[in-house]
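Undergrad: Take a look at this one; I'll ask things after.
What follows draws every value from the coordinates through simple rules; no lab data is involved. Keep in mind that what you see is a predicted model, and the values were worked out from it rather than measured. Counting neighbours? That spans all protein chains shown, and the Cβs are built from the backbone with ideal geometry, glycine included.
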Number of protein chains: 2
Amino acid sequence: MNMEQAILKQAKEAKAAALQLALVAPAQKDKALKAMAAALWSRRNFVIRENAKDVVAASKAGMDDAMIDRLTLDEKRVKSMVDGILAVAAQKDPVGERLQTLRRPNGLRIEKIRVPIGVVAVIYESRPNVTADCAALCLKSGNAAILKGGKEAIHSNTAIYKVLKSALAGAKVPVGALQFIGSTDRAAVTELLKLDQYIDLVIPRGGEGLIRFVAEHSRIPVVKHYKGVCHIYVSDKADLKKASDICFNAKVQRPGVCNAMEKMLVHARVAKKFLPSMVARLREAGVEIRGDEATRRIITDAGKATAEDWYEEYLGLILTVKVVAGVQAAVDHINTYGSRHSDAIVTQDTKEADVFLKGVDSACVYVNASTRFTDGGAFGLGAEIGISTDKLHVRGPMGLEGLTSYKYQIYGSGQVRS
Amino acid sequence: MNMEQAILKQAKEAKAAALQLALVAPAQKDKALKAMAAALWSRRNFVIRENAKDVVAASKAGMDDAMIDRLTLDEKRVKSMVDGILAVAAQKDPVGERLQTLRRPNGLRIEKIRVPIGVVAVIYESRPNVTADCAALCLKSGNAAILKGGKEAIHSNTAIYKVLKSALAGAKVPVGALQFIGSTDRAAVTELLKLDQYIDLVIPRGGEGLIRFVAEHSRIPVVKHYKGVCHIYVSDKADLKKASDICFNAKVQRPGVCNAMEKMLVHARVAKKFLPSMVARLREAGVEIRGDEATRRIITDAGKATAEDWYEEYLGLILTVKVVAGVQAAVDHINTYGSRHSDAIVTQDTKEADVFLKGVDSACVYVNASTRFTDGGAFGLGAEIGISTDKLHVRGPMGLEGLTSYKYQIYGSGQVRS
């Protein structure tokens, strides 16, 4: 069997399993999740041993220390995967919820019922824990999962998959519901993305390159975010102490993630008062400052922001600063250069806040809080399978509900249409 | 300006207008809709005169009578478009609805608010009334619309568009929110489908060929249904009188639409009793019967169903009949050959009905009613812009709510992430 045939076979198996899994009772799915968690813990040494192969290969390939650290599994990190699976098991099962009941004059009763999507493919290149997280979220929401991880973690991912799959087999859940694509060839991704007859949704997770590749080649609906170019606008009506704390947190607390601040907009009226101490505080934490002309008149040693800077997601300790004329200018800038992810205003004026919240076309818009809260956990939605900057199906953090669709069940007593 | 540049310009205008339109008050949008309706009625002679050009061209091109009839506009049909626009104006405005409020322990208040999607492109090849319907639904839901109709109705569509656009200009609604692609070249569709930076959603309406073309070429999310291969399963526990009326209605009342029955499945135990009279009744209405082996042992002069028949949407007076062993066989057949649109069971047994409703993986599943009710109007959801057999974003009839997304508005008082 060649690679195409193997992938087609897996997709067909996943679809057949999805139809079964949609009917499995919540308690049975939770039992399977607990079995997965237990198996992962009891076979942690196997997983860590396999992971070591990836770490050695990454070292030889000259991967940088931060990336090797993200790849590495130890007992503590396996424990955290185990806890993640158990946390998903403890969440409310979304399937079967009655979302709406419509009663028609002719006596028809129409019920809108939450159901699983079917088959979800996740294509990722991040840490090995994604394998466990996605397997758990898909199972809980009644979806068959097809997982395709990156080459750099192939031994780790394969080991985790094997352990989880063996646990499924013992838990009376259709084993076809968990599939893992062993090929590390990018052609395997292209192949997968053609199978719209069997796969209902694709979620790419990783760098912008991978995500653009998936979006351009997929015939299957994709939920994605390319990047997070998050802005904070400090109004002339801001509490500047709050503004400083919020901006500092959003830039520095964890600069490598998609909800970190990448651009700071400051009202012209407060720029001279606000910028010097803010920039000093950020620089002390190692942040490089780039600015537009007006910023550089105040922070004379700031780098010069290029046209590309306004679009760029640094994922590191760089911040580009612009002085703007007011809230509308801030809104327009964000809608032009932003990534529709998370943007904030700091202001004490509720009317101005409203203009910002309504005007900025992003998944999450904040007043007087750090953009770093865009996260399924921080929102209280439970674990997330990804974040969407699209506007279709799901926007912002995507948790269990984002992994469901609905169907209409219509109850009649012989009604016909006239 | 060449065609590509013209389309890009229109898409950019639509996006800019969408950001404005999202903020327009409900009353202002309704005023614009009423102005559109009034303009269409007062300029009906112009529209009918332009339509005559399409009708003449269609005649010359040898288009069949049914299609020419669908293309033709008279005063009554313009009136019906006008009424359609007014009905949309009278619906509840979906924008701004608070869908959920999450209060976090740190004091953050997270509000999930319904917002327009942004820019919606509709690519269609059906009757000219689609131009008016889609323009009205998009405006009501706060979306900019880019309309691209078929060559056969180009004069009619252009005339309707001009009249509607002029009405917008007088109603203080951003005129860029309504765009019409004048080119009848299919390359214009390909061009449009690349513009994911400006367009948020594409809705193709027309034959399966058009829809597949759009789905394969689009970088923009697509909501679609390829076809409606609707089944009715007559159980051995059915009230056979009801079954006959339901099947007759679903096949004969309007055979050319996507929610008409195309396949009838009958339990082996009642086939001999049910089929002869049912087939006689259908044949009297002009229906051609094709059957599997078991059916043809009962209806000896039925045509032989080929392998392709089970997948085919006839959109006409043909019905393919299969004898099955029970509800699970019916469910399996539908999930294999169906189109995930609308399927029904006729049974007096509620447990059996439940197996069918849960097991059939379609947008709308019925017990004891005709599949013909799958329709925004019949569901009480108001006018529909299309029907989706996808499972993402919207499934089944797509009305105003289907034309919305949501955003999270987060209210803080200085919260930062620790």
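Undergrad: How far apart, in nm, are the 7 Å Cα→Cβ label points at B:S42 and A:T350?
TA: 4.3
Undergrad: Looking for one value pair here: nearest-to-axis residue in chain B (by Cβ) for the rotation onto A, and the distance in whole angstrom.
TA: B:H393, 2
Undergrad: Counting alpha carbon pairs within less than 8 Å and at least 6 residues apart, what relative contact order, in whole percent, applies to region A:230-378?
TA: Details: 281 pairs, mean separation 49.0, N = 149.
Contact order relative to length: 33 percent.
Undergrad: Then there's this: What fraction, in whole percent, of alpha-carbon pairs in the protein assembly as shown exceed 51 Å separation?
TA: Numbers: 67452 of 349030 pairs.
Beyond 51 Å sits 19 percent of the P(r) for the protein assembly as shown.
Undergrad: Sorted by mean Cβ packing within 10 Å, highest first, what order do the peptides B:257-264, B:318-325 take? Walk me through the numbers before you get to the answer.
TA: Numbers: B:257-264: 23.9, B:318-325: 22.0.
Final packing ranking: B:257-264, B:318-325.
Undergrad: Right, another one. I need the inter-copy label distances for B:A325: point set 7 Å along Cα to C-beta, values in nm with one decimal, smallest first.
TA: Inter-copy label distances (nm, one decimal, shortest first): 7.7.
Undergrad: While we're looking at this one, here's another question. If you take each beta carbon of peptide B:220-227 and count the beta carbons of other chains within 10 angstrom, what is the mean? Display every interim value, and only then the final one.
TA: Details: counts 3, 8, 3, 3, 0, 0, 0, 0.
Rounded to a whole number, the mean comes out at 2.
Undergrad: Now for a different question. Tell me which residues come under 5 Å, amide H to amide H, from B:Y366 once H is placed; ignore anything under 5 positions away on its chain.
TA: The answer is A:I410, B:D343, B:A344, B:I345.
Undergrad: Length gain on complete extension for the stretch A:Q20 to A:R49, per 0.36 nm per residue less the alpha carbon to alpha carbon distance?
TA: Working: separation 29, 0.36 × 29 = 10.44 nm, distance 3.46 nm.
Here the answer is 7.0 nm.
Undergrad: If you plug each phi of region A:109-122 into the Karplus form 6.51 cos²θ - 1.76 cosθ + 1.60 with θ = phi - 60°, what whole-Hz ³J(HN,Hα) values come out, in order, with x for Gly and Pro?
TA: Along region A:109-122, the couplings run 10, 10, 10, 9, 10, 6, 10, x, 6, x, 10, 10, 9, 10 Hz.
Undergrad: Using a Gaussian network model of chain B whose springs link C-alpha atoms within less than 10 Å, name the residue from B:A363, B:A329, B:A22 with the highest mean-square fluctuation.
TA: The residue that fluctuates most here is B:A329.
Undergrad: Within 10 Å of each Cβ in B:360-372, how many Cβ atoms from other chains are there, averaged over the peptide? Walk me through the numbers on the way to the answer.
TA: Numbers: counts 3, 10, 2, 4, 5, 5, 8, 6, 7, 14, 7, 2, 4.
Across B:360-372, the average partner-chain Cβ count within 10 Å equals 6.
Undergrad: Now for a separate question. Dipole size in debye (nearest 20) for region A:144-222 around its Cα centre, Lys and Arg Cβ +1, Asp and Glu Cβ -1? Write out the running numbers ahead of the final one.
TA: Values: 10 positive and 7 negative charges, 49 e Å.
Dipole magnitude for region A:144-222 comes out near 240 debye.
Undergrad: Taking the highest mean first, how do the peptides B:66-76, B:246-256, A:269-279 order by number of other beta carbon atoms within 10 angstrom per residue? Show your work: numbers first, answer last.
TA: Working: B:66-76: 14.2, B:246-256: 20.8, A:269-279: 17.3.
With the highest mean Cβ count within 10 Å placed first, the list reads B:246-256, A:269-279, B:66-76.
Undergrad: Also, quick follow-up: May I ask what percent, to the nearest 5, of DSSP beta bridges between residues of the protein assembly as shown are antiparallel? Kindly include the intermediate steps, with their values, before the conclusion.
TA: Numbers: 32 of 118 bridges.
Approximately 25 percent, going by the DSSP bridge assignments.
Undergrad: Calculated FRET efficiency, A:L317 and A:L99, Cβ-Cβ r, R0 45 Å, to nearest 0.05? Intermediate results must be reported in sequence, preceding the final value.
TA: Values: r = 45 Å, r/R0 = 0.99.
In this case the efficiency is close to 0.50.
Undergrad: Which residue fluctuates most in the GNM of chain B (Cα springs below 10 Å): B:P128, B:P397, B:P94?
TA: Between B:P128, B:P397, B:P94, it is B:P94 that shows the largest mean-square fluctuation.
Undergrad: Run through the other copies and list how far each one's label point is from that of A:T336, in nm with one decimal, shortest first; the point sits 7 Å from Cα along Cα-Cβ.
TA: Result for A:T336, in nm, nearest copy first: 5.9.
Undergrad: Looking only at other chains, what is the average number of their beta-carbon atoms within 10 angstrom of each beta-carbon in B:331-342?
TA: 1
Undergrad: If you stretched the chain out fully between B:R269 and B:E293, how much longer would it get, using 0.36 nm times the residue separation minus the C-alpha to C-alpha distance? List each step's numbers first, then the result.
TA: On the way: separation 24, 0.36 × 24 = 8.64 nm, distance 1.53 nm.
Gain in length upon complete extension: 7.1 nm.
Undergrad: Considering only DSSP beta bridges where both residues belong to chain A, give the percentage that are antiparallel (nearest 5). Before the final figure, lay out the partial values.
TA: On the way: 16 of 54 bridges.
Looking only at bridges with both residues in chain A, the antiparallel portion is about 30 percent.
Undergrad: I want to verify a result. In a Gaussian network model of chain B, Cα cutoff 10 Å, which of these has the top mean-square fluctuation: B:L381, B:L317, B:L108?
TA: Checking each option, the largest mean-square fluctuation is seen for B:L108.
Undergrad: Report, by chain and number, residues whose modeled amide H sits under 5 Å from the one on A:V266, excluding near sequence neighbours (fewer than 5 apart, same chain).
TA: Residues meeting the amide H criterion: A:V234, A:K322, A:V323, A:V324.
Undergrad: On to the next question. Roughly how many debye, to the nearest 20, is the charge dipole of region A:154-296 about its Cα centre, given +1 on each Lys and Arg Cβ, -1 on each Asp and Glu Cβ, and no other charges? List each step's numbers first, then the result.
TA: Details: 23 positive and 14 negative charges, 86 e Å.
That gives region A:154-296 a dipole magnitude of about 420 debye.
Undergrad: Where Lys and Arg each count +1 and Asp and Glu each count -1, what net charge lies around A:G176 among other residues with Cβ under 14 Å from its Cβ?
TA: Numbers: positive: A:K9, A:K12, A:K15, A:K165, A:K172; negative: A:E13.
Neighbourhood net charge equals +4.
Undergrad: Just to check I understand the Karplus step: with θ = phi - 60° and J = 6.51 cos²θ - 1.76 cosθ + 1.60, what whole-Hz values come out for region B:308-322, glycine and proline as x?
TA: Using θ = phi - 60°, the values come out as 6, 3, 5, 9, 7, 9, 7, 6, x, 7, 10, 9, 10, 10, 9 Hz.
Undergrad: Also, quick follow-up: Between region A:115-180 and region B:207-250, what's the alpha-carbon centroid distance in Å?
TA: Spelled out, the Cα-based centre of one part sits 32 Å from the other.
Undergrad: Count the net charge of all other residues whose Cβ sits under 9 Å from the Cβ of B:I123, scoring Lys and Arg as +1 and Asp and Glu as -1. Kindly include the intermediate steps, with their values, before the conclusion.
TA: Numbers: positive: B:K148, B:R205; negative: B:E125.
Neighbour charge sum, excluding B:I123 itself: +1.
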